[in-house]
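Participant: Dropping the structure in here first, questions after.
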Amino acid sequence: MKLAQLLALPATLISAVLAIPEYSEHLHLRPLPNGYLYAGFNFTASTSLSAYESQHFRYFPRSLGQILQHSDTRELHLRFALGRWDDESWGSRPRDGKREGGTGVEIWSWLDSGGGKPAVEERWSSLVNSLSGLFCASLNFIDGTKTTRPVLSFEPEGTHRGGGNGMELLHGTLPHEVVCTENLTPFLKLLPCKGKAGISSLLDGHKVFDANWQTMSIDVRPICGLGGDCRLEIQQTVDIVLDIKRSMRPRNDPIPRPRPVEELECDESKSYHASDTCYPKRKEGEMAWSLSKIFGTPVRGSCHVADGDESHDISLEVSPDRAVEVSHGGSNDTLASHEQNQLVRTMRLPDSARQHTDISLPQHIFQDSPHQNRPTLYASRQITGCGQERGGMHTVLHNPHTHQQRIVYLESLPWFLRPYMHTLKVLTHPTNSHDRPTIPLKPDQMYYTPALDRKRGTHLELLLTIPAQSTVELTYDFDKAILRYTEYPPDANRGFDVAPAIIRVLPSTHNTHNTSTAGNEIGQDSYFRTTSLLLPLPTPDFSMPYNVIILTSTVIALGFGSIFNLLVRRFVLAEEVPRSAVAVRVAGVLGKVRGVVGSLKGRLRGGGQGRGGGGVAVGVNGVAAEGDGGMNGVSSVVESRKER
């Protein structure tokens with residue numbers, strides 16, 4: 001990094017480089033219009049390069065450090081994002097969009113270029129596969145078809161030896177990846193307090209992923225001070241936008257249900273207002289909220305693990321006339337405004353691990369609507385056309401400022417989306433006058449890498465200059481490829497996700513939002529990302545192959561079974577079938593068993609008759625009765641033997 005660029009860094013970064021603390025964390029809160037709250041979590045840890053190379057880790061996560069060493073990664077940037085930032089309502093993006101990623105998962109890193117292109121690709125594959133296991137994400141699916149090599153869109157943020165020579169940049173995206181609690185849990189495991197104390201105790205998965213917009217980032221970069229002392233720094237950030245009313249609802253009413261009529265706040269000034277008709281009344285000002293009600297828990301203790309860390313843990317950006325109450329255990333205090341900035345109020349968490357901290361704000365009615373910083377640029381992107389064979393891409397870039405903007409426009413397209421570069425058109429027209437004819441705009445630079453089927457995606461990078469208060473429209477046509485039936489996902493009719501476009505606004509001398517202290521010569525970059533797109537492809541009717549397979553299998557089974565029986569089986573009369581020795585033996589055993597059973601039955605039957613006759617005759621003539629009974633018993637035995 002040049003000396004001018006180093007001097008142009010913010011004062012906070014220079015102080016962080018020169019400061020001794022190896023770990024710090026910070027939470028920034030800012031209410032947004034229409035009942036939303038922005039919460040930005042920042043966790044910074046660092047270690048000396050000598051300790052890193054000797055694998056001596058203290059606050060820097062060992063699991064991530066060993067992955068970076070094994071893959072020869074010089075600088076890493078990883079993003080998990082979900083939702084959409086509303087530029088028109090919420091204003092400019094936090095952190096100038098530098099810690100923001102596209103929908104899904106996005107990663108780019110600078111790797112050691114030694115060994116040529118095959119060695120770099122091997123290191124890239126090792127990096128994404130290792131990070132996939134560490135963060136429970138599908139990063140292992142980032143192969144050659146999802147990897148590009150941008151030229152103008154990214155620059156190293158760290159201080160590298162040799163001016164960055166000997167490094168190669170690779171960029172990959174997974175727009176279809178769903179970010180969930182499985183990614184947040186390993187993210188918190190990298191922190192010293194593991195989400196058990198400090199501001200990280202507020203990061204509950206049910207709250208984070210219920211947000212309207214959420215992004216998690218991990219940035220690893222080397223930083224060198226003026227004295228030549230170099231350190232490896234990791235920054236973990238979580239930026240979320242919460243709906244205050246929805247976040248506090250589960251506390252008292254966990255099951256969503258319609259509200260009773262008497263609890264609805266209706267605008268009675270409407271002409272159609274009646275007992276059965278209600279128009280929601282517009283909220284005035286900001287509703288009351290607190291950290292414990294929004295996140296479900298107060299801040300549990302603190303995470304002051306590094307020596308010499310005296311920085312503030314929480315900052316709140318609200319109007320000076322709004323009351324802010326802070327409760328530490330059983331005591332309540334009022335949070336005063338900062339001496340240098342009246343809109344920001346800062347506080348430091350107590351060192352006691354058992355003391356909980358909560359911040360609460362009562363409802364406030366604004367005299368004037370709060371001012372929101374206007375974004376540097378507005379961008380939108382859509383797919384045009386109809387049918388399953390071809391379509392078009394339409395991107396609109398709007399510059400609301402009175403000075404021109406230089407941007408870098410990057411698109412990473414999948415291989416099955418085949419753009420026609422001869423149809424690329426870049427047109428511009430003033431924003432306020434749509435009647436004026438559009439003027440062609442020639443890109444200052446253009447980098448294009450065509451796609452190869454099933455091997456490489458399309459890389460398109462444009463350097464554009466957008467005139468002041470004007471709108472630029474970028475369009476081109478494309479064809480849709482037909483995939484093999486094994487390449488379709490289970491939800492093929494849903495469509496295929498196309499990665500968002502990345503827009504980098506280059507610094508300029510007119511940039512009033514982020515300018516350096518060196519005479520406004522060098523400003524800060526800002527990044528924007530459009531929403532991801534859903535591309536419908538020609539999809540076969542997967543039910544027809546299923547029906548054909550079932551019908552064919554049934555016919556084959558019936559035909560084969562019949563033919564097999566005719567060829568293998570021998571049909572003869574039952575009398576002609578010779579009896580086997582086993583059957584003869586079984587028949588003999590069964591005959592003997594039947595004989596024994598029959599004899600037992602005869603004996604039991606004969607003995608019962610003899611005893612019964614003699615008993616009856618005793619009462620009349622005892623001698624005759626005894627003789628008759630004996631003769632009857634002998635005759636029954638003889639008859640049974642004859643029957644046998």
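Every number in this text was worked out from the coordinates using simple rules, so none of it is lab data. Note that the structure is a prediction, hence the values are computed from the model and not measured. All Cβ positions, glycine included, derive from the backbone under ideal geometry; neighbour counts span all protein chains shown.
Participant: Using a Förster radius of 60 Å, what is the FRET efficiency between H312 and I550 based on their Cβ-Cβ separation? Nearest 0.05, please. Can you show the working numbers first?
Facilitator: Details: r = 68 Å, r/R0 = 1.13.
Approximately 0.30, to the nearest 0.05.
Participant: Which FRET efficiency, nearest 0.05, do T465 and Q372 yield, Cβ-Cβ r, R0 25 Å?
Facilitator: E(calc), rounded to 0.05, equals 0.40.
Participant: Hey, in the chain, which Cys have no second cysteine's beta-carbon closer than 4.7 Å?
Facilitator: For the chain, the answer is C136, C180, C386, because their Cβ atoms have no other cysteine Cβ under 4.7 Å.
Participant: Taking the alpha-carbon centroid of each part, what is the distance from region 550-572 to region 429-503 in angstrom?
Facilitator: About 58 Å separates the Cα centre of region 550-572 from the one of region 429-503.
Participant: Taking the Cα centre of the chain as the origin, how large is its charge dipole in debye, to the nearest 20, when only Lys and Arg (+1) and Asp and Glu (-1) carry charge on their Cβ atoms?
Facilitator: Values: 67 positive and 69 negative charges, 716 e Å.
Dipole of the chain, to the nearest 20 debye: 3440 debye.
Participant: Let me ask you something else. So for each of 318-324, 256-262 I average, over its residues, the number of other beta carbons within 10 Å; can you give me the resulting order with the highest mean first? Walk me through the numbers on the way to the answer.
Facilitator: Details: 318-324: 14.7, 256-262: 7.7.
Going from most to least packed, we get 318-324, 256-262.
Participant: What length, rounded to one decimal in nm, is gained on full extension from A481 through to F564, with 0.36 nm per residue of separation minus their alpha-carbon distance?
Facilitator: Working: separation 83, 0.36 × 83 = 29.88 nm, distance 4.56 nm.
Additional length available on full extension: 25.3 nm.
Participant: Another question, then. Quick one: order R579, R74, R603 by neighbouring beta-carbon count within 10 Å, fewest to most. Provide the component values of the computation, followed by the final result.
Facilitator: Working: R579 8, R74 22, R603 13.
Lowest to highest Cβ neighbour count: R579, R603, R74.
Participant: For region 213-251 and region 40-57, what is the centre-to-centre distance using only Cα atoms, to the nearest Å?
Facilitator: So the two Cα centres are separated by 15 Å.
Participant: Given contacts defined as C-alpha pairs under 8 Å and at least six residues apart, what's the relative contact order of region 263-416, whole-number percent? Show your work: numbers first, answer last.
Facilitator: Details: 198 pairs, mean separation 32.6, N = 154.
Across region 263-416, relative contact order equals 21 percent.
Participant: Give the Kirkwood hydrodynamic radius (Å, one decimal) of region 23-365, defined as one over the mean of 1/r across all pairs of different Cα atoms.
Facilitator: Numbers: mean 1/r = 0.0450 Å⁻¹.
Evaluated over region 23-365, this radius sits at 22.2 Å.
Participant: Regarding region 373-540, what is the average projected area of its C-alpha convex hull, in nm²?
Facilitator: Working: hull surface 47.0 nm².
Result: a mean projected hull area of 11.7 nm².
Participant: Right, something else. Give a residue-ordered list of calculated ³J(HN,Hα) values for region 531-541 (Karplus: 6.51 cos²θ - 1.76 cosθ + 1.60, θ = phi - 60°; whole Hz; x for Gly, Pro).
Facilitator: Rounded to whole hertz, the list is 6, 6, 10, 10, 9, x, 10, x, 10, x, 7.
Participant: Sticking with this one: If we sort 450-458, 77-85 on the protection proxy, mean other Cβ atoms within 10 Å, highest first, what's the order? Don't jump to the answer; show the numbers that get you there.
Facilitator: Values: 450-458: 15.4, 77-85: 21.7.
Result, highest mean Cβ count within 10 Å first: 77-85, 450-458.
Participant: Still on this model: Could you work out how much longer the chain between L452 and N34 gets when fully extended? Use 0.36 nm per residue separation minus the Cα distance between them, nm to one decimal. Could you put the intermediate results ahead of the total?
Facilitator: Working: separation 418, 0.36 × 418 = 150.48 nm, distance 4.69 nm.
The span from L452 to N34 would gain 145.8 nm if fully extended.
Participant: What does the highest-first list of 298-307, 275-284 look like by mean Cβ count within 10 Å?
Facilitator: Working: 298-307: 20.5, 275-284: 10.3.
Order by mean packing, descending: 298-307, 275-284.
Participant: Taking 35 Å as R0, compute the FRET efficiency from the Cβ-Cβ separation of S380 and K117 and round it to 0.05.
Facilitator: 0.45
Participant: Quick one: which residues, 5 or more positions from Y279 or on another chain, have an amide H under 5 Å from its amide H? H modelled 1.01 Å from N in the peptide plane, none for Pro or chain starts.
Facilitator: Residues meeting the criterion, in which the H sits 1.01 Å from N, are D267.
Participant: Something else now. With labels modelled as points extended 7 Å from the Cα through the Cβ direction, what inter-label distance (nm, one decimal) is found for E576 paired with M421?
Facilitator: Taking the two extended label points, one gets 8.3 nm.
Participant: Using label points projected 7 Å from each Cα along Cα→Cβ, tell me how many nm separate R390 and R348, to one decimal.
Facilitator: Between R390 and R348, the label points sit 6.7 nm apart.
Participant: Follow-up question, since we're still on this one. With an 8 Å cut-off on Cα pairs and a minimum separation of 6 or more residues, tell me the relative contact order of the chain in percent. Write down the numbers at each step before the final one.
Facilitator: Working: 1170 pairs, mean separation 86.3, N = 644.
Worked out over the chain, it gives 13 percent.
Participant: State, as an integer percentage, the relative contact order of region 224-326 based on alpha-carbon contacts under 8 Å between residues 6 or more apart. Each step should come with its number before you reach the end.
Facilitator: Details: 33 pairs, mean separation 20.4, N = 103.
Taking the mean separation of contacting Cα pairs over the length of region 224-326, I get 20 percent.
Participant: Here's another thing I want to ask about it. Could you put V396, V505 in order, starting from the residue whose Cβ has the fewest other Cβ atoms within 10 Å?
Facilitator: Lowest to highest Cβ neighbour count: V396, V505.
Participant: Let me ask something else. Report which label in [x] 40.7, 148; [y] 32.2, 133; [z] 26.6, 83 holds the value of Rg and Dmax of the Cα atoms in Å derived from the coordinates of this structure.
Facilitator: The calculated read-out lines up with [x].
Participant: Enumerate the amide H contacts of T438 below 5 Å, restricted to partners 5 or more residues apart or on another chain; note that Pro and chain-start residues carry no placed amide H.
Facilitator: Result for T438 returns nothing.
Participant: Which pairs break 25 Å Cα to Cα here: K117/K146; K98/K196; K146/K442; K98/K189? All intermediate terms of the calculation are to be shown ahead of the outcome.
Facilitator: Values: K117/K146 16 Å; K98/K196 28 Å; K146/K442 28 Å; K98/K189 23 Å.
Over 25 Å Cα-Cα: K98/K196; K146/K442.
Participant: Could you line up Y409, Y36 from fewest to most neighbouring Cβ atoms inside 10 Å?
Facilitator: On the way: Y409 25, Y36 22.
Going from least to most buried by this count: Y36, Y409.
Participant: Return the long-range amide H neighbours of H356 (sequence gap of 5 or more, or a different chain), with a cut-off of under 5 Å between placed amide H atoms.
Facilitator: G301, G329
Participant: May I pose another question? Take C278 and R84, extend 7 Å from each Cα along the Cα→Cβ direction, and tell me the distance between the two endpoints in nm.
Facilitator: 2.9
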